[in-house]
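The next block holds one structure in the form of structure tokens; read it before the comments.
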Amino acid sequence: MSNPGRLKDLVAAERARQRGRLLIAGIAAAVVTAASVALLGLSGWFITGAALAGAAGAASAQGFNYMLPSAGIRLLTILRTGSRYAERLAGHDAALRALARIRPALFAGLAAAPPATAMALSTGEASARLVQDVNAVEARFVRLSGAWGMMASIATGTALLLLAGPMPALAALAVTGTYLLVADRLATLLQAPGREAQRAAGRLKEDFATLAGAASELRAYGLEGWAAERIGARSAELAEAQRRVTGGAGWFELAQGVATGLAAMGAMALSAEQSLPIAAMAALGAAMMVDGVAGFARGLERRGTLREAEARLDAILGMAEPPRPARPALADAPVIRLAEPDALLRPGMVAAITGPSGCGKTTLLETLLALRPVEPGRISLGGADIAALPPEAARRCFAHAAQDAALLAGTVRENLLLASPDATEAELWDALRDAALDARVLALPGGLDAWLGENGARLSGGERRRLVLARALLRPAPWLLLDEPTEGLDAATEIRVLERLRARLAATGQGALIVTHRAAPLALCGRVLEMGGERRVAALAA
């Protein structure tokens, strides 16, 4: 799988794809702020003018046009409300559509990474990046319309203030520009706290996921208090980081308040030669100009959080292995050649891999699956050096039942279909029967559609192992790689599983490599490969 690109490339592509919706959101945001500035200015003029007309007496009041300004106020109110709805609808629609493509691309980057690199990310850390950090990118998408609102606010406010003269307009523009410069400086100062808050949230999620997964062990050793203290310490770190970010947000609010007051007072003072309604319009228009810019300025507040999120997501995208050159297609059932232990395994052969713990038996299976790097010349598959093969080419040759394979938090059917999405119901039951698990699944409420819980929590350890075996049996591959397939089974169940596995291998012609410490699986094997040596077991030929 090729590198899906950097995050900025993904975001740029999605911005182009969502251009229409983002344009609608931007125009709607511009209408919202323009209508807000005009509404407040007109309201100030209308209220002040009406008050002066009423104070001047009945004749003056009758000559004042109430209908046109009040109709304008109603129109601007309706326009602002409708445009705000359109902005939120179009902006969030664009963001959600974009994220529906960005998240799979990020997951693909994680899946394409070298296994040693990908496995360095814990479950909690990976989920924090794919959820928490992507949410920061979503907020950025939603705020793209802020620039439109800022420009519309400045343009409308300037036009309104020019009715009171050039000086009020220049004063409001100067205050607004200074406010934006101050907001940019505050955002720079807040980058470090924002980044730390994002990291602290990731650490909390990582520790929580790790400790929650080890809940039974923690209870067994009486370590609940220790775990709670660890989570409490991570929570305190996050709270402190968030406190600093919130404190910085307070400075943004203060800057906005000061700028709003200065703009309003400056515009009013410089409109002293104008009529009182015009001066009121200028003051409120200037205040609303700053308020319209504040949405964009508040977006700067999250600069640190966003940049940390982007850096963490870029790290995921940068994990992907560079594409390898194409190789000729492998034979349907390739020969396996091992340098250590020295062995040539022909299609249909069943071999055991034995040796003391830690000698590399599981590592050998993972290397065949291109889950671990290997030196050139150590393993060949179908005559091709596995070190030079694309990982997917090697993996197509094998069905794997790992010793500690994970199960989805889903149904029996969903877990089985991972290996063969097009498998029929009869094939699913055949695989379960060959793994000696059919009776147990029949007894579950819902049968194949029974919910298994997190990592198959409703099943025992031996039942989970047999479900993983059934899943491997469903995969149409010429070789089976089985890592301790009968570990944890009682003797009677082990014999039943091995008898059915023997029959299935004979019927399908599949070859198998079986890692085992137990004696019973050796009865299936024509060869036993000892890590560091090899001996033939002719008497135990399948």
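The values are calculated or read from the model by the stated rules, or taken from the named source; none is laboratory data. The structure displayed is predicted, hence computed values, not measured ones. For neighbour counting, all protein chains shown are included, and Cβ atoms are generated from backbone atoms with ideal geometry for every residue, glycine included.
Out of all the residues in the stretch 462-476, is one or more over 24 Å from residue 340 (Cβ atoms), modelled with pLDDT of 90 or more and assigned to a loop (DSSP other than H, G, I, E, B)?
Checked the stretch 462-476: at least one residue is over 24 Å from residue 340 (Cβ atoms), modelled with pLDDT of 90 or more and assigned to a loop (DSSP other than H, G, I, E, B).
Given 199, 185, which one is on the phi < 0 side of the Ramachandran plot and touching a residue at least 60 places away in the same chain (Cβ under 8 Å)? Outline the logic, then answer.
On the way: 185 fails: touching a residue at least 60 places away in the same chain (Cβ under 8 Å).
When all the criteria are applied, what remains is 199.
Would you confirm, using the coordinates I've provided, whether residue 210 is part of a helix (DSSP H, G or I), farther than 30 Å from residue 299 by Cα and either among the β-branched types (Val, Ile, Thr) or touching a strand residue (DSSP E or B) at 6+ places or on another chain (Cβ under 9 Å) (or both)? I'd like the intermediate steps shown before the answer.
Details: part of a helix (DSSP H, G or I): yes; farther than 30 Å from residue 299 by Cα: yes; either among the β-branched types (Val, Ile, Thr) or touching a strand residue (DSSP E or B) at 6+ places or on another chain (Cβ under 9 Å) (or both): yes.
Here the answer is yes, as residue 210 does meet what is asked.
Looking only at the stretch 484-520, count every residue that is in contact with a strand residue (DSSP E or B) (Cβ under 8 Å, 6 or more places away or on another chain) and assigned to a loop (DSSP other than H, G, I, E, B) and tell me the total.
Total satisfying the criteria: 5.
Only one residue in 381, 369 is surrounded by fewer than 20 Cβ atoms within 10 Å (Cβ to Cβ), under 15 Å from residue 478 (Cβ atoms) and in contact (Cβ under 8 Å) with a residue 40 or more places away in the chain. Which one? Reasoning before the result, please.
Numbers: 381 fails: surrounded by fewer than 20 Cβ atoms within 10 Å (Cβ to Cβ).
So the residue among 381, 369 that is surrounded by fewer than 20 Cβ atoms within 10 Å (Cβ to Cβ), under 15 Å from residue 478 (Cβ atoms) and in contact (Cβ under 8 Å) with a residue 40 or more places away in the chain is 369.
Here are 155, 86, 136, 90: which of them is assigned by TED's automatic domain parsing to the domain that holds residue 280, at pLDDT below 85 and among the small types (Gly, Ala, Ser)? Spell out how you get there, then give the answer.
Working: 155 fails: at pLDDT below 85; 86 fails: at pLDDT below 85; 90 fails: at pLDDT below 85.
None of the other options fit; the residue is 136.
Can you tell me which residues in the stretch 245-304 are in a helix (DSSP H, G or I) and of a type in the set (D, E, K, R)? Break it down into steps so the answer makes sense when it comes.
Looking only at the stretch 245-304, we keep the residues that are in a helix (DSSP H, G or I), and these are 245-269, 276-300, 303-304.
Of everything in the stretch 245-304, those that are in a helix (DSSP H, G or I) and of a type in the set (D, E, K, R) turn out to be 253, 291, 298, 303.
Is it true that residue 308 is of a type outside the set (Lys, Arg), buried (at least 17 other Cβ atoms within 10 Å of the Cβ) and in the same structural domain as residue 37 (by TED's automatic domain parsing)? If you could, list the steps in order and put the result at the bottom.
Values: of a type outside the set (Lys, Arg): yes; buried (at least 17 other Cβ atoms within 10 Å of the Cβ): yes; in the same structural domain as residue 37 (by TED's automatic domain parsing): yes.
The answer is yes for residue 308.
Pull up the stretch 479-490, narrow it to residues that are over 20 Å from residue 438 (Cβ atoms) and surrounded by fewer than 21 Cβ atoms within 10 Å (Cβ to Cβ), then point me to the one that is modelled with the highest pLDDT. Steps first, answer last, please.
Pass one, the stretch 479-490, residues over 20 Å from residue 438 (Cβ atoms): 479, 481, 483-484, 487.
From what's left, surrounded by fewer than 21 Cβ atoms within 10 Å (Cβ to Cβ): 484, 487.
Numbers: 484: 91, 487: 88.
Per the stated criteria, the residue is 484.
Is there a residue in the stretch 113-133 that is modelled with pLDDT of 70 or more and surrounded by 18 or more Cβ atoms within 10 Å (Cβ to Cβ)?
Yes, there is a match, as at least one residue in the stretch 113-133 is modelled with pLDDT of 70 or more and surrounded by 18 or more Cβ atoms within 10 Å (Cβ to Cβ).
Cβ contacts < 8 Å: first residue within 17 Å of residue 69 (Cβ to Cβ) and assigned by TED's automatic domain parsing to the domain that holds residue 160, restricted to the stretch 266-281; second residue among the hydroxyl-bearing types (Ser, Thr, Tyr) and assigned to a loop (DSSP other than H, G, I, E, B), any location; separation 6+ or different chain. Result?
Taking only residues 6 or more apart or on different chains, the pairs are 278/271; 279/271.
Pick from the stretch 431-460 the residues that are without any contact (Cβ under 8 Å) to a residue 40 or more places away in the chain and of a type in the set (Asp, Glu): which of them is farthest from residue 482 (Cα to Cα)?
Applying the filter and picking the extreme gives 449.
Checking the condition under 21 Å from residue 516 (Cα atoms) and either surrounded by 15 or more Cβ atoms within 10 Å (Cβ to Cβ) or without any contact (Cβ under 8 Å) to a residue 40 or more places away in the chain (or both), which residue from 463, 414 passes? Spell out how you get there, then give the answer.
Values: 414 fails: under 21 Å from residue 516 (Cα atoms).
When all the criteria are applied, what remains is 463.
Quick one: in the stretch 142-160, which of the residues that are crowded, with 20+ Cβ neighbours inside 10 Å and under 28 Å from the mean Cα position of the chain (by Cα) is nearest to residue 90 (Cα to Cα)? Steps first, answer last, please.
Keep residues of the stretch 142-160 that are crowded, with 20+ Cβ neighbours inside 10 Å, which gives 143, 145-146, 148-150, 152-154, 156-158, 160.
Imposing the further condition that a residue be under 28 Å from the mean Cα position of the chain (by Cα) reduces the set to 143, 145-146.
On the way: 143: 12, 145: 10, 146: 13 Å.
Once the filter is applied, the top-ranked residue is 145.
Here's the yes/no breakdown for (1) surrounded by fewer than 17 Cβ atoms within 10 Å (Cβ to Cβ); (2) over 14 Å from residue 301 (Cβ atoms):
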{"position": "172", "(1), (2)": "no, yes"}
{"position": "184", "(1), (2)": "yes, no"}
{"position": "195", "(1), (2)": "no, no"}
{"position": "216", "(1), (2)": "yes, yes"}
{"position": "219", "(1), (2)": "yes, yes"}
{"position": "224", "(1), (2)": "yes, yes"}
{"position": "238", "(1), (2)": "no, yes"}
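Let me confirm something: among 257, 247, 232, which residue is over 30 Å from residue 457 (Cβ atoms), exposed (fewer than 15 other Cβ atoms within 10 Å of the Cβ) and under 31 Å from the mean Cα position of the chain (by Cα)?
Details: 257 fails: under 31 Å from the mean Cα position of the chain (by Cα); 232 fails: over 30 Å from residue 457 (Cβ atoms).
The unique qualifying residue is 247.
Please work out if residue 354 is in the same structural domain as residue 497 (by TED's automatic domain parsing), touching a His at 6+ places or on another chain (Cβ under 9 Å) and in contact (Cβ under 8 Å) with a residue 12 or more places away in the chain.
On the way: in the same structural domain as residue 497 (by TED's automatic domain parsing): yes; touching a His at 6+ places or on another chain (Cβ under 9 Å): yes; in contact (Cβ under 8 Å) with a residue 12 or more places away in the chain: yes.
Yes, satisfied.
Could you list, in sequence order, all residues of the stretch 425-462 that are over 32 Å from the mean Cα position of the chain (by Cα), farther than 30 Å from residue 394 by Cβ and of a type in the set (Asp, Glu)?
425, 438
Here are 409, 401, 394, 370: which of them is within 30 Å of the chain's Cα centre (by Cα), at positive phi and assigned by TED's automatic domain parsing to the domain that holds residue 471?
Working: 409 fails: at positive phi; 401 fails: at positive phi; 394 fails: at positive phi.
When all the criteria are applied, what remains is 370.
Do you know which residues across the stretch 164-179 are among the hydrophobic types (A, V, I, L, M, F, W, C) and modelled with pLDDT of 90 or more? Quick ask: steps written out before the conclusion?
Initial filter on the stretch 164-179 (among the hydrophobic types (A, V, I, L, M, F, W, C)): 164, 167, 169-175.
Those that are among the hydrophobic types (A, V, I, L, M, F, W, C) and modelled with pLDDT of 90 or more: 167, 169, 170, 171, 172, 173, 174, 175.
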